[in-house]
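Participant: Below is the structure I would like to discuss, written out as structure tokens.
The values are calculated or read from the model by the stated rules, or taken from the named source; none is laboratory data. In this text, all values refer to a predicted model and were calculated from it rather than measured experimentally. Virtual Cβ from ideal backbone geometry, glycine too; neighbours counted across all protein chains shown. Each accessible area value is taken on the protein alone, full model and side chains, heavy atoms only, with ligands, DNA and RNA left out. Shrake-Rupley method; radii C 1.70, N 1.55, O 1.52, S 1.80 Å.
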Amino acid sequence: RWARCRMLGPLRRMLLLASGCFSASVFLARAPLSRTALSAACRRPPSARAALAASETAARRVVFLGTPAVAARSLELILAASRACQPNSDFEVVAAVSQPPAPVGRKKLLTESPVHALAASRGLRVLTPPSAKCEAFLAELEAMDVDLCITAAYGCFLPRRFLDIPKFGTLNIHPSLLPKYRGAAPVQRTLEAGDPVAGVSVLFTVLKMDAGPIVRQLEAPLIGDEQSPELLRALFESGSSELLAALPEVWRGEALLRATKQDEEQATQAPKLSKDMALASFERQSAAEIHNAVRAFAEWPGTLVSLSIGGQATEVKLCKTRLPPAERVAPPQTRAVWLEGDNLAVECAGGTTLHIAELQVAGRKRVDAR
């Protein structure tokens, strides 16, 4: 068998090893070094032996793809575990990919994404293609000899040619308990629905969005007051830790074999948010619906309502709200808005009550309701 395998050439032998058809121990057992070869190996100069040892312990080459601040936090944690910070680590991040710089703020200044800025500050090679389908980008990636790609809120569709490049595939950190909430806004949709549990999944990327087999999944019970920015960061941190813990199985080729296929019948969508979702109504929505909207849309687009201030209807952004306990004292029947402790209480649809803890009038600073 050893003689036949030698005739297959180095590439074929590598493929057989990777597929598990043959093992390194079989090769070594069937083809021991002759005394002449062993003597020659021992006579190699120190530089040659060092080069050979280095090649045997070469770090796996990883490319990270992401754009917003939560993805930058994931990159930060992954870099901390890589060979750049841990000499004994079995991988290194060789490049970062992010969406191109975009206009930000009232002055529309062209600004690098948080992932771009962090990667550049760490001396990483940064690629910002207008699309992951870009020919020049794909050619550059193919030339990098990539072992694994990791994505976290990158924001671009990955074509088949891209997915075929990394030897061990592409892993994605997705902040939901897949197959629930596939799409662009999983955490926001989780909070909007008032779910008692959120979570994060680490999965292999396939052509269909967020539909690949799941490698790791972690639940995060909610108390009911979490808002999307903080929850997003926490879930991406947890997801990054789960991904790092799974890497040894990935390198051994076991992760894909053990990954759990998603149940398509249980899949739900988490569509992108829109500006018009900011408008809320005390008359048409219950206190719980508005409270969950405030939690979900805290970063963007916000939750706007109309309140009477000084006898004049004023548009107000609700920044922090609470649901009062069921045993609270009944409100006065003659007023729709009143004070309860440190909160501004508002009567909502169905006779429900919402407590407003913090709000912001247009053009002013955020203040507590009292």
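Participant: Residue under question is Glu299, and the condition is that it be open to solvent by 40 Å² or more (accessible area, probe 1.4 Å), in contact with a Ser or Thr (Cβ under 9 Å, 6 or more places away or on another chain) and within 28 Å of Asp210 (Cβ to Cβ); does it hold? Show your work before the answer.
Facilitator: Values: open to solvent by 40 Å² or more (accessible area, probe 1.4 Å): yes; in contact with a Ser or Thr (Cβ under 9 Å, 6 or more places away or on another chain): yes; within 28 Å of Asp210 (Cβ to Cβ): yes.
The answer is yes for Glu299.
Participant: If you don't mind, another one. Could you please find all residues in the range 234-286 being hydroxyl-bearing (Ser, Thr, Tyr) and more than 30 Å from Thr314 (Cα to Cα)?
Facilitator: Ser238, Ser240, Ser241, Thr260, Thr268
Participant: Right, another one. Tell me, please, whether a residue that is in contact (Cβ under 8 Å) with a residue 12 or more places away in the chain, in a loop (DSSP other than H, G, I, E, B) and open to solvent by 20 Å² or more (accessible area, probe 1.4 Å) can be found in the range 304-324.
Facilitator: yes
Participant: Does any residue in the range 353-370 that is basic (Lys, Arg) come within less than 8 Å, Cβ to Cβ, of a residue that is assigned to a loop (DSSP other than H, G, I, E, B) six or more places away or on a different chain, and which pairs are these?
Facilitator: Taking only residues 6 or more apart or on different chains, the pairs are Arg370/Asp342.
Participant: Of the residues Val115, Val62, which is closer than 26 Å to Val200 by Cα, in contact with a Gly (Cβ under 8 Å, 6 or more places away or on another chain) and at pLDDT 95 or above?
Facilitator: Of Val115, Val62, the one residue that is closer than 26 Å to Val200 by Cα, in contact with a Gly (Cβ under 8 Å, 6 or more places away or on another chain) and at pLDDT 95 or above is Val115.
Participant: Just give me the residues in the range 255-276 being open to solvent by 50 Å² or more (accessible area, probe 1.4 Å) and free of Cβ contacts under 8 Å to residues at least 40 places away in the same chain, in sequence order.
Facilitator: Those that are open to solvent by 50 Å² or more (accessible area, probe 1.4 Å) and free of Cβ contacts under 8 Å to residues at least 40 places away in the same chain: Leu257, Glu265, Lys275, Asp276.
Participant: Does the range 170-182 contain at least one residue that is crowded, with 22+ Cβ neighbours inside 10 Å, in contact with a helix residue (DSSP H, G or I) (Cβ under 8 Å, 6 or more places away or on another chain), at positive phi and in contact (Cβ under 8 Å) with a residue 60 or more places away in the chain?
Facilitator: Yes, that holds for at least one residue.
Participant: In the range 157-177, how many are under 17 Å from Leu207 (Cβ atoms) and under 13 Å from the mean Cα position of the chain (by Cα)?
Facilitator: 4
Participant: Looking at the range 334-366, which of the residues that are farther than 13 Å from Ala287 by Cβ and among the charged types (D, E, K, R) is surrounded by the fewest Cβ atoms within 10 Å (Cβ to Cβ)?
Facilitator: So, considering only residues that are farther than 13 Å from Ala287 by Cβ and among the charged types (D, E, K, R), the one surrounded by the fewest Cβ atoms within 10 Å (Cβ to Cβ) is Lys365.
Participant: A further question follows. For the range 294-321, how many residues meet the condition of being touching a Gly at 6+ places or on another chain (Cβ under 9 Å) and over 15 Å from Glu230 (Cα atoms)?
Facilitator: Residues in the range 294-321 being touching a Gly at 6+ places or on another chain (Cβ under 9 Å) and over 15 Å from Glu230 (Cα atoms): 2 in total.
Participant: Okay, next question. Any chance you could count how many residues in the range 70-100 are touching a residue at least 60 places away in the same chain (Cβ under 8 Å) and closer than 21 Å to Leu231 by Cα?
Facilitator: Counting residues in the range 70-100 that are touching a residue at least 60 places away in the same chain (Cβ under 8 Å) and closer than 21 Å to Leu231 by Cα gives 7.
Participant: Identify all residues within the range 183-208 that are surrounded by fewer than 19 Cβ atoms within 10 Å (Cβ to Cβ), within 17 Å of Leu273 (Cα to Cα) and hydrophobic (A, V, I, L, M, F, W, C); write none if there are none.
Facilitator: Ala184, Ala193
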